[in-house]
1. Enter the angle in degrees (range 0 to 90, nearest 10) between the Cα long axis of helix A:200-216 and the first principal axis of the Cα atoms of chain A, meaning the one along which they spread out most.
2. Restricting to chain A, what percent of DSSP beta bridges are antiparallel, rounded to 5?
3. Sticking with the crude label model, points 7 Å out along Cα→Cβ, report the distance from residue A:279 to residue A:158 in nm, one decimal please.
4. Rank these for me by crowding, A:111, A:498, A:330, going from fewest to most other beta carbons within 10 Å.
5. Under the rule of -39500 (n - 2.57) per DSSP H run of 4 or more residues, summed and divided by the residues of chain A, what mean residue ellipticity at 222 nm is obtained, to the nearest 500 deg cm²/dmol?
6. Restricting the count to DSSP beta bridges whose residues both fall in segment A:315-432, what percent are antiparallel, rounded to a multiple of 5?
7. First measure r as the distance between the Cβ atoms of residue A:55 and residue A:402, then evaluate 1/(1 + (r/R0)^6) with R0 = 51 Å and state the FRET efficiency to the nearest 0.05.
8. Can you put A:334, A:207, A:412 in order of Cβ neighbours within 10 angstrom, beginning with the fewest?
RNA sequence: CGGGGCGUGGCGCAGGCUGGUAGCGCGCUUGGUUUGGGACCAAGAGGUCGGAGGUUCGAAUCCUCUCGCCCCGACCA
């Protein structure tokens, strides 16, 4: 890593002198390498690029404990915006927030057989407290179904108590073997929604409703296109009847499960004895759902939109939407007071705007710095602009510069941010489409996984053995997308060649 | 958990083979000149070389163990 990085930087530094003179003021993607230091280019080492972006943009840093990371203010501000975007949508459907304990008694955890089996390998246990060994060890929650179900059993008595729609924002712990910042860490932040319903139909409706909320949030706010669908039985949540997911495609061609929604049926209700008296006088088990999204979505945003200059944040979730960089060469006070006035104006208009009036850095340094941090729009304001009542607007997504009149700047900025938001989505969507191909055989899957990667669309007979064979190629069935073709139009199974039962999306996944 | 790579001031690295008590660039501090794409000059501060043992008169360097990070695979959000 170090050697590759070093060589690249030397090369970039050498090239810089030659090209910098030629690249006058006009910014462009072609000039990328000249200005980027400290970030390994994507095509040299993608993983290193990712880690470099995380650290240089100060989103996170490694913590003293293996697999754990510190989410720094720049990263946490993103998460707060994600939370706001999702929380608002959850509440609009009647969901309320609550908080359940971190520690779960072993006996609770063991009740649902499939659930234990699925999570056992990655659970951390508390065995001592107050200097003494505990009589029953306590699991640090890897997910909260069990503790929440135990409470639902106490709270739910009548059909009039239903539905119960509760969500909690918290962190969970899963002892992972290989970790990467945001994508997979030992402890991670998430939300987990847990609902209880009167009928299976109502539970199923909620399961799909929540997946649709995730799809809407991820596509609208994070500008990441996704494939919504159902997980294969092998890939579903441990203890669920079935699981739905939204799958996104990262810019290295690997898929990332971005959120999941589970129909738990009455599996947990039966082992936790969550029964209600229905209007017909009979005792019935509730039907449940759970659904979650995590800080992994930050990793998705980095990998979908980021480039060799660093982070690119979609305006809708950007903690800072525009940064004003004053050029204070001469007439310092005039420029600065104009910049302050501009900041106030834009803030009053509702924009998240920052004025970088630090004296110790040159404008050029600030340009690079804010690009690395992914701020959607830069507003340059110099003596010439003050005279002509204008500013220079520079877009992070494509580097384009334009002059904008000081009057009506609010409208221009609004339109620019909107355009960046939709451009990012369209660009990602185009990438996903260009990296989605139809395959017919295992060999084709294998070749694709080892080659250009991306999504592979094919048919599947539904047998576990065939899914296992797909997994041996390094790819997995990401999901069975909604909107399946008519039974006769499903392609043949890529493994056994028998008539396909499902159209599936496969990919090498994170 | 297997295979590979790397741990040396805040960051990136050199030194290691051939042991002699640590150096470079960036950053940081102070002063000055600068400011439209990572400015310049001068003077400074900062390191028990990841950790623990061992070999040796002497260890960043050699040996053993250990911890961490990164990459590639198997499992997961």
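1. 10
2. Of all bridge pairs located within chain A, approximately 80 percent are antiparallel.
3. According to this spin-label approximation, the distance is 1.3 nm.
4. The fewest-first ordering by Cβ neighbours comes to A:330, A:498, A:111.
5. -11500 deg cm²/dmol
6. About 55 percent, rounded to the nearest 5.
7. Given R0 = 51 Å and the Cβ-Cβ separation, E is 0.95.
8. A:334, A:412, A:207
A short reminder: the numbers here are calculations on the coordinates, not readings from a lab. Predicted model, so just to flag it, every value in this text is computed and none were measured. Reconstructed Cβ throughout: ideal geometry from the backbone, glycine too, with neighbour counts over all protein chains shown.
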